[in-house]
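The values are calculated or read from the model by the stated rules, or taken from the named source; none is laboratory data. Since the model is a prediction, treat every value here as computed from it, not as a measurement. Positions of Cβ are generated from backbone atoms using ideal geometry, with glycine treated the same way; all protein chains shown enter the neighbour counts. Only protein heavy atoms, including side chains, enter the accessible area calculation; ligands, DNA and RNA are left aside. Shrake-Rupley method; radii C 1.70, N 1.55, O 1.52, S 1.80 Å.
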Amino acid sequence: MKLQSAVIVALNLLALPLAHAAHVPFGIVIHGGAGTISRDSMSPVQQQAYETTLKHAVDTGYQVLASGGTSLDAVSAAVVILEDSPLFNAGKGAVYTYDGKHELDAAIMRGDNRAAGAVAGVTTVKNPIKLARAVMEHSEHVLLAGQGAELFAKEQQLDLVKNNYFDTEFRYQALQKALKALTKCPHQAQLRLSPAFPLEWNVGTVGAVAIDQQGLLAAATSTGGMTAKRYGRIGDAPLIGAGTFADNQSCAVSATGHGEFFIRYQVAGDICARVRYQGKSASVAADEVMQELKTVGGLGGVIVVDNKGGLSWHLNSEGMYRAKRQQGKAAEVAIFKD
């Protein structure tokens with residue numbers, strides 16, 4: 001009898017950590033690009049349009065999580081909505097290249113086994129994020145580019161469109177202004193870093209990060225790149241560790257900004273490394289990285305979710321289209337820095 005009681009007590013003690021284990025809340029954060037975004041330059045109608053689309057995207061991703069879906073499904077669903085909107089520099093609203101075309105990049109990653117898929121320089125894929133996920137789940141590779149990526153999209157029976165599907169008047173006018181500015185400076189790099197070249201011509205991306213009910217982290221990013229880009233330029237969005245990263249041991253990050261800086265400083269991966277190896281909170285690590293990046297001229301923002309369910313966003317520019325929603329809470333939508 002004493003032995004039986006002792007066994008019961010021991011089993012109860014073993015069960016205590018499980019009974020009192022902290023529940024990790026699920027949640028999602030999205031962004032629609034960073035840049036020079038001020039209240040003075042945006043009409044109430046424009047602001048409402050952005051806020052409505054951001055809320056729709058974050059709520060859609062949240063419903064996937066709330067119904068028991070995976071973080072991969074949640075970030076994919078949210079990014080597709082942003083890709084289909086002409087308001088953002090991804091999918092339908094992608095910027096123009098120097099030659100007046102559109103070249104799109106995207107990436108997706110899961111945090112448990114670090115599986116990832118990415119595409120670069122695609123021109124006829126309606127939703128590049130769907131192609132990136134297909135690369136992750138249905139190929140042996142991580143990054144496909146150009147014609148090869150287009151061929152794979154056909155094999156995967158994804159929706160294809162003509163390149164002019166991505167046309168918008170707003171982006172076309174931005175291209176004309178950029179081309180006029182570039183004729184005054186033979187060395188583009190110098191001009192792109194000068195005040196004469198508006199920040200919004202260099203940045204613009206959409207993305208999402210999430211944690212699901214099973215604790216799986218995921219990140220997804222999609223972009224049209226920078227206005228008047230040339231020579232098949234590829235930015236940070238499809239580069240794992242630069243603009244997109246997810247690791248269940250630390251956090252998931254999606255970035256937006258002047259991609260060349262985010263590549264050189266491995267922004268997304270650096271944030272997660274500081275969490276994992278230095279023991280910093282994801283919020284502190286992201287703040288540090290973004291402030292350090294600003295000192296070298298890299299402007300933009302990141303969205304972050306850590307493995308405890310903490311959601312945050314961090315920007316060193318004047319604004320970033322963004323929204324988040326955590327388990328049991330209403331959606332929060334923001335545009336301006338303050």
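Descriptive notes on the structure:
- Of the candidates V289, V304, the single residue that is open to solvent by less than 50 Å² (accessible area, probe 1.4 Å) and touching a Ser or Thr at 6+ places or on another chain (Cβ under 7 Å) is V304.
- Region 130-158 residues that are under 21 Å from A219 (Cβ atoms) and without any contact (Cβ under 8 Å) to a residue 12 or more places away in the chain, paired with ones that are surrounded by fewer than 20 Cβ atoms within 10 Å (Cβ to Cβ) and not polar (S, T, N, Q) (beta carbon under 9 Å, 6 or more apart): none
- Subset of region 258-273 that is β-branched (V, I, T) and touching a strand residue (DSSP E or B) at 6+ places or on another chain (Cβ under 6 Å) - its residue that is surrounded by the fewest Cβ atoms within 10 Å (Cβ to Cβ): V267
Residue-wise test of (1) open to solvent by 50 Å² or more (accessible area, probe 1.4 Å); (2) farther than 25 Å from A334 by Cβ.
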| site | (1), (2) |
| --- | --- |
| Y50 | no, no |
| T53 | no, no |
| S71 | no, no |
| D84 | yes, no |
| A107 | no, no |
| D112 | yes, yes |
| K130 | yes, yes |
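- For the criterion of being at negative phi and either touching a residue at least 40 places away in the same chain (Cβ under 8 Å) or open to solvent by 10 Å² or more (accessible area, probe 1.4 Å) (or both), L315 passes.
- Scope region 86-105; condition open to solvent by 10 Å² or more (accessible area, probe 1.4 Å) and farther than 13 Å from P238 by Cα; matching residues: P86, L87, K92, Y96, Y98, D99, G100, K101
- Considering the conditions (1) buried (at least 18 other Cβ atoms within 10 Å of the Cβ); (2) not in a loop (DSSP other than H, G, I, E, B), R276 is excluded by exactly one of them, (1).
- Selection within region 213-234 - touching a residue at least 40 places away in the same chain (Cβ under 8 Å), farther than 18 Å from A255 by Cβ and surrounded by fewer than 24 Cβ atoms within 10 Å (Cβ to Cβ): Q213, Q214, G215, L216, R230, G232
- Among the candidates A242, A282, residue that is crowded, with 22+ Cβ neighbours inside 10 Å and in contact with a Ser or Thr (Cβ under 7 Å, 6 or more places away or on another chain): A282
- Strands (runs of 3 or more DSSP E) fully within region 285-328 that include at least 1 residues being closer than 18 Å to R264 by Cβ and not polar (S, T, N, Q): 300-306.
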